[in-house]
Amino acid sequence: MTGRFGRQPTGWGQRLRARLSKWVHSVAGQVFALNAVIVLILITAAAAALVVQARFDSQRDAANRSLAAAEAFAHAPGLPEALRSNDPTAALLSLAEEARKAAGLDFIAVMSTDGIRYTDSRPELIGKRATGDLARAAAGQSFTEAFTGEPSDAVRALVPVRDASGAVIGLVGTGIEVENVSDTVEDQLPLLLGAAAGALLLGTGGAALVSRRLRRQTHGLGAAEMTRMNEHHEAVLHAVREGVMIIDAGHRLVLANDEARRLLDLPPDPEQRHVGDLGLEPRTAELLVSGRVATDEVHLAGDRLLAVNVRPTKPYAGQPSGTVMTLRDSTELAALSGRAEVARSRLQLLYDAGVRIGTTLDVVRTAEELSEVAVPRFADFATVELLDPVLRGDEPSVVSGLYTGMRRAAMSGVRTDQPLQPVGDVIRFDVPTAPMATALDAGHAVLAPDLKAAMGWRAQDAPGTRVALDYGLHSLISVPLQARGVVLGMANFWRAADTPEPFDEEDLSFAEELAARAAVSIDNARRFTREHAMAVTLQRSLLPRVLPDQSAVDVAFRYLPAKAGVGGDWFDVIPLPGARVALVVGDVVGHGVHAAATMGRLRTAVHNFSTLDLPPDELLGHLDELINRIDQNESGGGAEGEAADAEGGAGEDLGGGPAQVTGATCLYAVYDPVSGRCVMASAGHPGPALVSPDGWVEFPELPTGLPLGVGGMPFEAAEFQLPEASRLVLFTDGLVEDRDRDFDTGLRLLGETLAQPGRSPDQACADVLSALLFPNPSDDIALLVADTRRLEADRIAEWEVPGAPSAVSRVRNAGSAQLTAWGLEGISFTTELILSELITNAIRYGSAPVRVRLLRDRSLIVEVSDGSSTSPHLRYAATTDEGGRGLFLVAQYALRWGTRYTDRGKVIWAELPLTGDGGPAEAAEPDLDALEDLAW
């Protein structure tokens, strides 16, 4: 053989095996093998996934085709008549076979509700009972399933056949055998396998190209060899903090690392120079030339003292033995190591204090963090005492030197069996010469290096200090905690037998720095505690404490403020005329006193607008207009606004800008127990949850408007007809969403919780909070659960009133008879009087149709409606006026009265007590027929 391969076979084979072994162990070979394995795994997984997906798609397609064919055949015209015929098989066999062939199915079977086949693609199965789960289809449910059993495994669909009345009179079963479904998948396997093989070839080829280029760059080295080379280079030349020099057998420098160049001040490019030419001290050069072993010999190098070690090297690769010398600088180490370590530890401790102290806005926890930071790195024991006003969040007194007692708020120690007073005790500072009292009086830290000599401290509590000294406490630093020139408390740092060294002056300055940082955090926590308490008090005073009495709904509520600060969530239940009730829930964006005050203003405005008996959408429109007007006034629109801005009044937030009412949402719903109608409108607020009496939960879509204060768009109302015992659940977004849960997930959890039947509104509130409440909610939560009621039909009486004045007495008499039937004879006269006045007014000044309605609720409600929108007004008639006293009489005899506008006119209503109490003092009963002639 000649050419490139013209060598002996034996030598060629050995060289090939050697090259392959070297390539396999090289980095390039390992990278190629790894890439090839990854490509193989990915392609195999992808091919398997495609096969599984194809099988799944085929079965799903078979199920869909079977269900569609079964549905079509079950609803075919004439099928119910054929099933009721004397011979369903004769009538349906040919039709079923044609449908099967047209749909491409393996069988179509028409069965009775008991599963007896009338038709089948296999004639031997006709008249036999089908197997499998037929109960669901017989119950009226259509479904598909993967059937296993006789006569064959198949993907089949079962659909009920209904007659004109909706009754199930038969079943239709269709399907495709599993064997045929599998054939479809197997037909696709050659294509999938071919694509996988092509991808494998491409991936392997790409990995080979990458491996070839990597092999050129690494010169065929293995991973271990490259790692050793890199570690050797970095460690010896740069990372080692000792000088290293290697000298060959000819006393020439082979290698010197960075530290050796610095310590010996070697010239540039010293390699291959004789040690005598390196400018070394004669004693050091003589040691290197001699080749003797040295251990920690001290040599002079300029102004440095070097500890030198010399050892011979082993012969390597035929090279003779040389010498290696290591050097370290001992000059600065002895002088500065102790002081540098102390300074470093103090700086690190101050850094840790800045990170660990003040992580929360809780006064006691901040004090605990101070004591935990100081122990054991600065003191063996640390105690923190605070003034009682600080613990409550109040402003402490600015007078210094008058503190004789503080309450211990935190304590930490290296051991638990400490001799100091426990947390919660009041610590007295009655002796002026004690370190604590001296520090408070002077306003700076005080050092007591030897507690045995601190007579003031020992006189403060002789038995207690004796126990402390016997325990081993020997040194103390007392530091007042001050912020903004006001004393908040005291920090005491103690050392015991665990640290024999007493505190010194450097420790004193460090303790003052540590206490100053902690005092700022404690003061921030105190101010937050005060503002949070004020906001909570304000908000709770503005929220309803008890719900009003009404019969329309059974209500329970929950309100929880956020941990980060009080927000502006609120809720309300407002009784309305006609036994109706308004349910309100709202949210003001933000936290703090401003949000709580804004909530109170909005709640008051909603109450005021509700007295006008406006529809929900109109009420939200008026509320939006009011907020816009408030914002304009508070933004400094005039001279008074400029003056208020100059004074920096309460109308400004922390940023210095005007405190505007923006970002408020509201949901207002009105429920009528007479008709069961519920009308609601939303201003950017989440809609309610509606729970039907059978437990079905839905979240009806509302035409959500813009938040209040944005303006520019009208609001829309939605109307729902609620069955009796329905449940309305109104809530704010803080209940369902947080940083760790989105809104949709919260709604799903809320729906699952509300779906549990048989619970009172109060139990439902408790269960909802148990399921959805976050450990540390970032927003307020307002929850209102209302179970609707209906006013019974026997408590409602209605009459149509003709336009003739003579109809007044007839309706009045009918009303009197109804009151007698209700057992309310005691208020019959008052009711007849009010009916006469209101009906006469509607006939004279209103328009048809005129209707009268009596509602017996907690009070008797009299309503007279007409088609006119003209509203009567109460006035005082002069003694010479012939009329004008009708509404005056109504106002005198009724508890309340008013006017409510509707789409087709108005309703004048009046409420009377059921007991007959109230109204003017008894007098001679007037002629009611004569009152009809009074002019309004």
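The values are calculated or read from the model by the stated rules, or taken from the named source; none is laboratory data. Worth saying up front: this structure is predicted, and the values here are computed from it rather than measured. With ideal geometry, Cβ positions are generated from the backbone for all residues, glycine too; neighbour counts draw on all protein chains shown. Ligands, DNA and RNA are excluded from the accessible area calculation, which covers all protein heavy atoms including side chains. Shrake-Rupley method; radii C 1.70, N 1.55, O 1.52, S 1.80 Å.
How high is the FRET efficiency from ASP762 to SER551, r the C-beta distance, R0 25 Å, rounded to 0.05?
Values: r = 18 Å, r/R0 = 0.71.
E(calc), rounded to 0.05, equals 0.90.
Tell me, in nm to one decimal, what length is gained between ALA497 and ASP903 on full extension, where the rule is 0.36 nm per residue of separation less the Cα-Cα distance?
137.3 nm
Let a ≥ b ≥ c be the square roots of the eigenvalues of the Cα gyration tensor of the range 699-806; is it rounded (a/c under 1.5), or, if not, prolate (a/b larger than b/c) or oblate?
oblate
May I ask for the net charge around ALA307, where only other residues with Cβ less than 12 Å from the Cβ of ALA307 are counted and Lys, Arg are +1 while Asp, Glu are -1?
-2
Only sites in a loop by DSSP and with at most 15 other Cβ atoms within 10 Å count here; which trypsin sites (Lys or Arg not before Pro) in the range 514-619 make the cut?
ARG545, LYS563
Multiplying the sequence separation of SER330 and THR44 by 0.36 nm and subtracting their Cα-Cα distance, what value in nm do you get?
Length gained, SER330 through THR44: 96.6 nm.
How big is the C-alpha Rg of the range 444-574 next to the rule-of-thumb value 2.2 N^0.38 Å, as a ratio?
Values: Rg = 25.5 Å, N = 131, 2.2 N^0.38 = 14.0 Å.
Relative to the 2.2 N^0.38 Å estimate, the range 444-574 comes out at 1.82.
Quick one: how many Å² of CYS666 are accessible to a 1.4 Å probe, rounded to 10?
Rounded to the nearest 10, the figure is 0 Å².
How much of the accessible area of the range 362-453, probe 1.4 Å, is carbon plus sulfur, in whole percent? Each step should come with its number before you reach the end.
Values: 2120 of 4010 Å².
Carbon with sulfur: 53 percent of the solvent-accessible area.
Roughly how many Å² is the accessible area per residue of the range 58-168, as a whole number, for a 1.4 Å probe?
51 Å²
Which value, in debye to the nearest 20, gives the size of the charge dipole of the range 695-786 about its Cα centre, when Lys and Arg are +1 and Asp and Glu are -1 at the Cβ? Could the numbers behind the result be given before it?
Values: 5 positive and 16 negative charges, 38 e Å.
Here the range 695-786 has a charge dipole of around 180 debye.
Between ALA483 and residues 5 or more places away or on another chain, which pairs have amide H atoms under 5 Å apart, with H built 1.01 Å from N, and which residues are they?
LEU488
Kirkwood Rh over alpha-carbon pairs of the range 418-500, then Stokes-Einstein at 25 °C and 0.890 mPa s: what D in µm² s⁻¹, rounded to an integer? Intermediate results must be reported in sequence, preceding the final value.
Details: Rh = 13.2 Å.
The diffusion coefficient I find is 186 µm²/s.
Please sort 454-467, 372-385 by packing, taking for each peptide the average over its residues of neighbouring beta carbons within 10 angstrom, highest first. It would help to have the intermediate numbers written out before the result.
On the way: 454-467: 14.9, 372-385: 22.1.
Top of the packing list down: 372-385, 454-467.
Using label points projected 7 Å from each Cα along Cα→Cβ, tell me how many nm separate GLU281 and ASP417, to one decimal.
Distance between the two pseudo-spin positions: 5.5 nm.
Whenever you get a sec, compute what percent of the accessible area on the range 102-164 sits on carbon and sulfur atoms (1.4 Å probe).
In the range 102-164, the share of accessible area belonging to carbon and sulfur is 49 percent.
Ignoring ligands, DNA and RNA, what percent of the accessible area of the range 668-795 is carbon or sulfur (1.4 Å)?
Numbers: 2840 of 5650 Å².
The value for the range 668-795 is 50 percent carbon and sulfur by accessible area.
Please give the FRET efficiency for SER121 paired with VAL51, using the beta carbon to beta carbon distance and R0 = 30 Å, rounded to the nearest 0.05.
Values: r = 29 Å, r/R0 = 0.98.
After rounding to 0.05, the efficiency reads 0.55.
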